Amino acid sequence: MTIDLNTCTGCNACVVACQSENNIPIVGKDQIMRGREMSWIRLDRYYSSGDPIENRTSLPSDPQTSLMPVACMHCERAPCEQVCPVNATVHDEQGLNVMAYNRCVGTRYCANNCPYKVRRFNFFDYNKRARDQFYLGPLGVNQFKTEGGILKSMQRNPDVTVRMRGVMEKCTYCVQRIEQAKIAQKVKARDSNDIHVPDGVFKVACQAACPSEAIVFGDISNPESAVSKSKANDRDYSLLGYLNTRPRTTYLGRLRNPNPQMPDYKPDALSRMEYKAMQPQSL
């Protein structure tokens, strides 16, 4: 996967799509304030201004904003796999970093060892209990047994498991969509024996929802795929690449007026007000 930071607008469509596709619960403001958020993909924001840091006495009032969607990087040398005592997070034959929920015992060692902080611990049965009965645990009322509970259960994606309390969760690269594409291709290949899934046949949830098409996903073993060509771009880089985790998700760096011949070229990233102040006043 590659994410073009030049194209990303920070609309949060990828966050909503991931939440809907993978049955991720909305835990509420109270649980988020306690550090128990459940989103598998987050949108980090970085602010910058043209003022020298040593002379800054207050935060800039109108800084430049850089946005970066961050999900599980599916590292080739994943630090989370090395510390799991029950081998619940492993690499599959496709190279994906996957979770075995039934094997996970919730030690949270993987979350502690992940440099990207993208793993989530399921503190409660969010998908099973009423919002005011999280802390009652098994003593709480099962919302599926109440009036309208059957309709609530039907809103889940049947292709994705609903996790229980006490397990670790993370981005799976929408493995259910990958498997569906593989099965469909095997059906088509009964006569041709070509089981390779063509590039662009399917999209992961965040990629499909991105209005600016900033996210590209595909097979990196195919040099002609869109993601391989995107990774060959000079702007491609790895987040925290110096840790040598070899993440499969990389980013295309954001540029502002990279051409020095541009009339409004500036060597530094300035805020909008600073840009405006440097421009000649129009009559």
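FYI, it's all coordinate maths here, none of it is from the lab. Just so you know, these numbers come straight off a predicted model, no measurement behind them. Ideal geometry is used to build each Cβ from the backbone, glycine not excepted, and the neighbour counts take in all protein chains shown.
Separation between the Ala100 and Leu255 pseudo-spin-labels, each 7 Å from Cα along Cα→Cβ, expressed in nm?
4.6
Within a 10 angstrom radius of the beta carbon, how do Ile41, Ile183, Ile32, Ile215 rank from fewest other beta carbons to most?
Ile183, Ile32, Ile41, Ile215
Kindly put Arg42, Arg248 in sequence by how many other C-beta atoms sit within 10 Å of each C-beta, fewest to most.
Arg42, Arg248
Report the residues of the stretch 106-122 in range of a label on Val86: point 7 Å along Cα→C-beta, backbone N strictly under 20 Å from it.
Correct set: 106-114, 119-122.
Gain in length, Ala189 to Lys29, computed as 0.36 nm per residue apart minus the alpha-carbon separation, to one decimal in nm?
52.7 nm
Return the distance in nm (one decimal) between the two label points of a simple spin-label model at Asn12 and Asn113, each offset 7 Å from Cα along Cα→Cβ.
In this crude label model, Asn12 to Asn113 measures out at 3.4 nm.
From the cross-link list Lys117/Lys182; Lys170/Lys229; Lys128/Lys152; Lys170/Lys203; Lys203/Lys231; Lys128/Lys203, which pairs have alpha carbons spaced over 21 Å apart?
Lys117/Lys182; Lys170/Lys229; Lys128/Lys203
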